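The values are calculated or read from the model by the stated rules, or taken from the named source; none is laboratory data. Being a predicted model, the structure only gives us computed values, none of them experimental. No Cβ is skipped: glycine too gets one built from the backbone with ideal geometry, and neighbour counts run over all protein chains shown. Accessible surface is based on the protein model in full, side chains and every heavy atom, while ligands, DNA and RNA are left aside. Shrake-Rupley method; radii C 1.70, N 1.55, O 1.52, S 1.80 Å.
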Amino acid sequence: MARKFFPAAAVAALALGGCAANSDLPSMGNAFSLTSPAFRDGGMMPVKFAGNIKSNPNCIGENISPPLEWKNVPAGTKSFALVMVDPEGRGGLGVDHWNAYGIPATRTGFAEGETSTLNDKYVGGKGTAGVGHYLGPCTPPGTGLHHYTFTLIATDLEPNALPAGLTRAEMFAKLNGHTKGSAGLVGVFGRAAN
């Protein structure tokens, strides 16, 4: 009897597990959070947010930076740092698309296109391509979906504490011991092989 019951129980468990995997993530209440009205966490990023480096045929977008919003900031926050990383880029070695810091604690987000160029809303670091502003996905076709991970870090540093042009590693070294919390958002982008 147990043998006949086990397959039915397994099918039921798989079905219930599949339902849970396909449902939306639960609310985290008043936790520090980072969102975008342009795509949901784990959702596809619109093509307009992809990079537009004319010399790179993988850059098929307009390089418009996505709108970002954050809330429930940790107490004692004086500034934010924001990174966007493609962990699957460069064959798994990763690509730092954007390093920004010195974002005043009074800010609650960036409007669409607001960080597509350097401006006084943040201090620009240096990504893999050597630029200090947002650089959208330039995903090679046929390499699968890449997970563009945005991480917002609350810090106890004044907005003018760090010099411009830091790489992600340099910035993280200077933030060590000064973080108050972090929030993340993942946008997915990819193209089929030609």
- For the stretch 60-81, enumerate the residues that are hydrophobic (A, V, I, L, M, F, W, C) and over 21 Å from D96 (Cβ atoms). V73, A75
- Taking the condition part of a loop (DSSP other than H, G, I, E, B), more than 27 Å from E112 (Cβ to Cβ) and modelled with pLDDT under 95, does G177 pass? no
- From (1) hydrophobic (A, V, I, L, M, F, W, C); (2) within 18 Å of G190 (Cβ to Cβ); (3) surrounded by 14 or more Cβ atoms within 10 Å (Cβ to Cβ), pick out the condition that doesn't hold for A81. (2)
- Message: Being open to solvent by 20 Å² or more (accessible area, probe 1.4 Å) and either within 24 Å of P140 (Cα to Cα) or not in a loop (DSSP other than H, G, I, E, B) (or both) is the filter here; which residues of the stretch 109-118 pass it?
- Response: G113, S116, T117
- Item | Selected residue [within 15 Å of the chain's Cα centre (by Cα), of a type outside the set (S, T, N, Q) and under 18 Å from G165 (Cβ atoms)] from D86, D96 | D96
- Message: Among the residues that make up the stretch 119-129, is at least one of them touching a strand residue (DSSP E or B) at 6+ places or on another chain (Cβ under 9 Å), modelled with pLDDT of 95 or more, surrounded by fewer than 16 Cβ atoms within 10 Å (Cβ to Cβ) and not in a loop (DSSP other than H, G, I, E, B)?
- Response: no
- Output the number of the condition that T106 fails; it satisfies all remaining conditions of (1) surrounded by 14 or more Cβ atoms within 10 Å (Cβ to Cβ); (2) in a loop (DSSP other than H, G, I, E, B); (3) β-branched (V, I, T); (4) modelled with pLDDT of 95 or more. (1)
- Message: Going by what's in this entry, would P87 be described as open to solvent by less than 50 Å² (accessible area, probe 1.4 Å), more than 11 Å from P137 (Cα to Cα) and either touching a strand residue (DSSP E or B) at 6+ places or on another chain (Cβ under 7 Å) or among the small types (G, A, S) (or both)?
- Response: no
- Item | Hey, A161 modelled with pLDDT under 95, part of a loop (DSSP other than H, G, I, E, B) and of a type in the set (A, V, I, L, M) or not | no
- Task: Check F189 against each of (1) open to solvent by 20 Å² or more (accessible area, probe 1.4 Å); (2) in contact (Cβ under 8 Å) with a residue 24 or more places away in the chain; (3) of a type outside the set (S, T, Y) and name the one condition it does not meet.
- Result: (1)
- Task: Filter the stretch 130-167 down to residues that are among the polar types (S, T, N, Q) and within 21 Å of A50 (Cβ to Cβ) and give me whichever is surrounded by the fewest Cβ atoms within 10 Å (Cβ to Cβ).
- Result: T143
- Query: Does L93 satisfy the criteria of being closer than 30 Å to A192 by Cβ and open to solvent by 30 Å² or more (accessible area, probe 1.4 Å)?
  - Reply: yes
